[in-house]
Every structure is written in C-alpha cells, then in structure tokens.
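Everything on this sheet refers to the single structure shown next.
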Amino acid sequence: MPFSEREKMAAGEWYRCQDDELANMRMAASRAVFAHNSTPPDDRENISPGLRALMASVAPDARIEVPFHCAYGCHIHLGAGVFLNAGCVLLDSAEIYIGAGSMLGPNVQIYCPQHHTDPALRKAGLEIARPVHIGENVWVGGGAIILGGVTIGDHAIIGAGAVVTRDVPANVTVVGNPARPMNRNRAQEAASPAE
C-alpha cells in the first residue's frame, strides 16, 4: 500500500506538497493563525486558544506575539517560558522543538521544508522536510534564519540576521551568513562593558 504524502512528509522522505490532505492541514493552520493575529490583545492571552490547540505541545506560559505565521502548527513544540517576538515565521513541515526559556527575536524564520533542486521535480511540488531542534535558554536575534536539519545547543546565541545552515554547539555565539562562531576577541569585546 503506497504511503500518503502526509506519511512521507512525517517520515522525512520526498513528498508532494501540492496534496489535498496537506492543503487542508495548512488551511486549518491559516485559520488558527488568522484568529491569533486578529484577536484583540486583551482577549488573546499568551497564545490564542485555537492556535494553542493546534500545536503539538506548548507550555502554559509560552508566548507568541503578533503577527505570527506557521505552515501546519501541529509540528511545533514550545517549552516553558518560550517567547516568539513579532513577525516570526515557522514553516513546520517537520517537527520544531524550542526548549524552555528560549527567545526568538522579531522576524526570525525557521524553514523545515526544502524544495527539490531538479526544476521539473520542483515544479511538480516535491520537497523534503527536516526537523529543527533549539535547546534551552537560546537567544535568536531578530531576522535570523534557521534552516531545516539544524540543532542549536543550550544557551547558544544566534546573532541578528544570521543564516544558520549547520548545527550550533551549546554555549556558542554565531553570526553572519552563513552563521559562524564569533572569534574570541570579538566575543570578549562584546561581553566587555563599554568604556
């Protein structure tokens, strides 16, 4: 029996994103995101009820500012005290785990799907999804982009505007495009108070 496109996506295999079941899932996410983004601040809580219900797992005190966008929602896991600032985009065709105490700055983008490099297969809607794991107490600066398949260790810092294409070890600060560890002198200078 052939696997559905959803099953192939979940298994980390090539799947056709132009599929009715996946389109219905994305529509459910769009409705929840719209409700979250358009709910008055006094009524929204940390995360609107519909969006919270859609997510795989979310701590009671996790917070998502508006506007926010996700592809499916059902693959997102937010630990205790997680904070997503305004404009975050999570393309969660695979699991996205964000550990307790981690903060994402404005306009951070996480891209799990990768389109096929062959033009004909890309036109046919073939893509593959890779999960993203962000550890505890990670700070991701505004405008950073994290690509699928990346793991970021606990207490790491991702500089604003960085493009993270590879794993980042715990307690390391990375900057740039592609993101690389800061050299020791720059890191020490950044940690020193200005004179």
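A compact table of results
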| item | result |
| --- | --- |
| Listed residue (Met9, Met103, Gly125) projecting farthest to the positive dipole end of the chain, Cβ model | Gly125 |
| Taking region 138-177 and dividing mean pair separation by its residue count, relative contact order in percent (alpha carbons under 8 Å, at least six apart) | 41 percent |
| Qualifying GluC sites (Glu not before Pro) for region 39-137 [loop in DSSP, other Cβ within 10 Å: at most 15] | Glu45 |
| Gaussian network model of the chain, Cα within-10 Å springs - most flexible of Val138, Val172, Val108 | Val172 |
| 10 Å beta-carbon shell around Leu147, net charge (K/R +1, D/E -1) | +2 |
| Cβ-placed point charges (K, R +1; D, E -1), dipole of the chain about Cα centre in debye, nearest 20 | 400 debye |
| Full-stretch length increase - Trp14, Arg26 - with 0.36 nm per residue and alpha-carbon distance subtracted | 2.5 nm |
| Three principal axis lengths of the chain [C-alpha, angstrom, descending] | 65, 46, 23 |
| For the chain: relative contact order, % (alpha-carbon pairs under 8 angstrom, 6 or more apart) | 14 percent |
| Student exercise, region 1-94 dipole from Lys, Arg, Asp, Glu Cβ charges, in Debye to nearest 20 | 40 debye |
| Max mean-square fluctuation residue, GNM over the chain, Cα-Cα springs under 10 Å, options Arg26, Arg122, Arg180 | Arg122 |
| Gaussian network model of the chain, Cα within-10 Å springs - most flexible of Gly159, Gly142, Gly50 | Gly50 |
| Accessible carbon and sulfur surface of the chain relative to its total accessible area, %, 1.4 Å | 55 percent |
| Two-site label geometry, Phe34 and Lys123: point separation in nm, points 7 Å out along Cα→Cβ | 3.2 nm |
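The values are calculated or read from the model by the stated rules, or taken from the named source; none is laboratory data. As the structure is a computational prediction, the values presented were derived from the model and not from experiment. Please note: Cβ atoms are built from the backbone with ideal geometry, for glycine as well, and neighbour counts cover all protein chains shown. The protein model used for the area step is the full one, side chains on, heavy atoms only, and it has no ligands, DNA or RNA in it. Shrake-Rupley method; radii C 1.70, N 1.55, O 1.52, S 1.80 Å.
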